[in-house]
Structure formats: structure tokens, C-alpha cells
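Peer 1: First the structure, then my questions, so here it is.
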Amino acid sequence: MSVEVLLRQARDLGITLAVDAGRLRYYPAGRMPTFLAEALRAQRGEVISYLAGIAGTQEHKNTRTCGACGQRLSTHETRVAGTCLRCMGDEEFHAAIRSMGTRRRVARAG
Ligand SMILES: [Zn+2]
């Protein structure tokens with residue numbers, strides 16, 4: 001199984017994966033099925049470098065994927081923020097929604 005598939009499966013189960021001090025962590029741990037935990041352990045090195053790569057892109061503006069979940073970012077606001085709407089904090093989320101509404105109004109006016 002590829003790292004992308006493993007991470008997608010974890011995400012579909014509502015599990016967040018993170019690298020903490022070089023160790024792979026996930027939560028809530030209770031939701032992680034044994035088969036997936038074993039697959040992740042077997043490919044730990046690749047998973048860690050994949051996640052580290054995602055974290056690295058978060059430092060750049062206008063990145064194309066969410067720094068938290070890796071989802072493709074489809075709007076200008078989410079690209080600038082570097083996270084999808086789902087992963088944004090409340091303030092950032094509301095600012096993005098407001099900004100999107102403004103952009104649509106401007107587009108209609110033109
Ligand atoms: Zn996200």
C-alpha cells in the first residue's frame with residue numbers, strides 16, 4: 001500500500017496523523033484499526049518523510065494542498081492560508097468565507 005493510500009484511509013476514518021519529535025503519532029488512537037496501525041508501522045519511515053514534506057510546504061504562500069490534511073486547495077483564500085476550510089481555525093475560516101463572498105459579489109458586479 002502506498003503512503004498516500006494509508007494516509008487517505010486514516011483521514012477517512014477521522015484519524016489525524018502527525019510527526020512529533022521524529023515519532024509518528026495519531027489520534028484518536030482508539031479509532032485506528034489494527035491493520036492500518038500495522039501498515040503504518042511497517043512504512044513508518046516513508047510516512048514520516050511524507051508528512052514532513054507536507055509540513056514543509058505549509059511555510060510557502062499559495063501552496064496547492066492543505067498543510068494539515070493534504071487535500072487539494074481549490075480557492076484563492078485556502079491557498080493563501082495554506083489549509084483547507086475544514087482545517088482552518090475559526091477566525092481564519094470566517095475571514096476566508098467573508099473574502100470569498102466579497103470576491104463573488106465583485107465578480108457579479110463586473
Ligand atoms: Zn485540510
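Peer 1: Checking the conditions here, which among Thr102, Thr83 is under 14 Å from the mean Cα position of the chain (by Cα) and either in the same structural domain as Leu13 (by TED's automatic domain parsing) or modelled with pLDDT under 90 (or both)? If you could, list the steps in order and put the result at the bottom.
Peer 2: Numbers: Thr102 fails: under 14 Å from the mean Cα position of the chain (by Cα).
On inspection, the qualifying residue turns out to be Thr83.
Peer 1: How many of the residues in segment 9-45 are charged (D, E, K, R) and surrounded by 14 or more Cβ atoms within 10 Å (Cβ to Cβ)?
Peer 2: Start the filter on segment 9-45 by keeping residues that are charged (D, E, K, R), which leaves 11-12, 20, 23, 25, 31, 38, 41, 44.
Applying the additional criterion that residues be surrounded by 14 or more Cβ atoms within 10 Å (Cβ to Cβ) yields 11.
The qualifying residues number 1.
Peer 1: Determine if segment 1-12 includes at least one residue that is more than 13 Å from the ligand (Cβ to nearest atom), without any contact (Cβ under 8 Å) to a residue 12 or more places away in the chain, of a type in the set (Ser, Thr, Tyr) and not in a helix (DSSP H, G or I).
Peer 2: Looking for residues that are more than 13 Å from the ligand (Cβ to nearest atom), without any contact (Cβ under 8 Å) to a residue 12 or more places away in the chain, of a type in the set (Ser, Thr, Tyr) and not in a helix (DSSP H, G or I), one finds at least one in segment 1-12, hence yes.
Peer 1: If you don't mind, another one. Looking at (1) surrounded by fewer than 17 Cβ atoms within 10 Å (Cβ to Cβ); (2) modelled with pLDDT of 85 or more; (3) within 25 Å of Val47 (Cα to Cα), can you tell me which one Gln58 breaks?
Peer 2: Going through the list (1) surrounded by fewer than 17 Cβ atoms within 10 Å (Cβ to Cβ); (2) modelled with pLDDT of 85 or more; (3) within 25 Å of Val47 (Cα to Cα), Gln58 breaks only (2).
Peer 1: List pairs: first residue in segment 63-78 and on the phi > 0 side of the Ramachandran plot and in the same structural domain as Thr102 (by TED's automatic domain parsing), second residue more than 7 Å from the ligand (Cβ to nearest atom) and of a type in the set (A, V, I, L, M, F, W, C) anywhere in the structure, Cβ distance under 8 angstrom, at least six positions apart or on different chains.
Peer 2: Gly70/Leu7; Gly70/Ile54
Peer 1: Across segment 64-93, which residue is surrounded by the most Cβ atoms within 10 Å (Cβ to Cβ) among those that are more than 17 Å from Ile15 (Cβ to Cβ) and of a type in the set (S, T, N, Q)?
Peer 2: Looking at residues that are more than 17 Å from Ile15 (Cβ to Cβ) and of a type in the set (S, T, N, Q), I get Thr78.
Peer 1: Does Val19 qualify as being more than 30 Å from Ala95 (Cβ to Cβ), of a type in the set (Val, Ile, Thr) and either modelled with pLDDT of 85 or more or away from the ligand (no atom under 13 Å from the Cβ) (or both)? Full working, then the answer.
Peer 2: Details: more than 30 Å from Ala95 (Cβ to Cβ): no; of a type in the set (Val, Ile, Thr): yes; either modelled with pLDDT of 85 or more or away from the ligand (no atom under 13 Å from the Cβ) (or both): yes.
Criteria not met by Val19.
The values are calculated or read from the model by the stated rules, or taken from the named source; none is laboratory data. Remember, it's a predicted structure, so these values are computed and weren't measured experimentally. Here the Cβ is made from the backbone with ideal geometry for all residues, glycine too, and neighbour counts use every protein chain on show.
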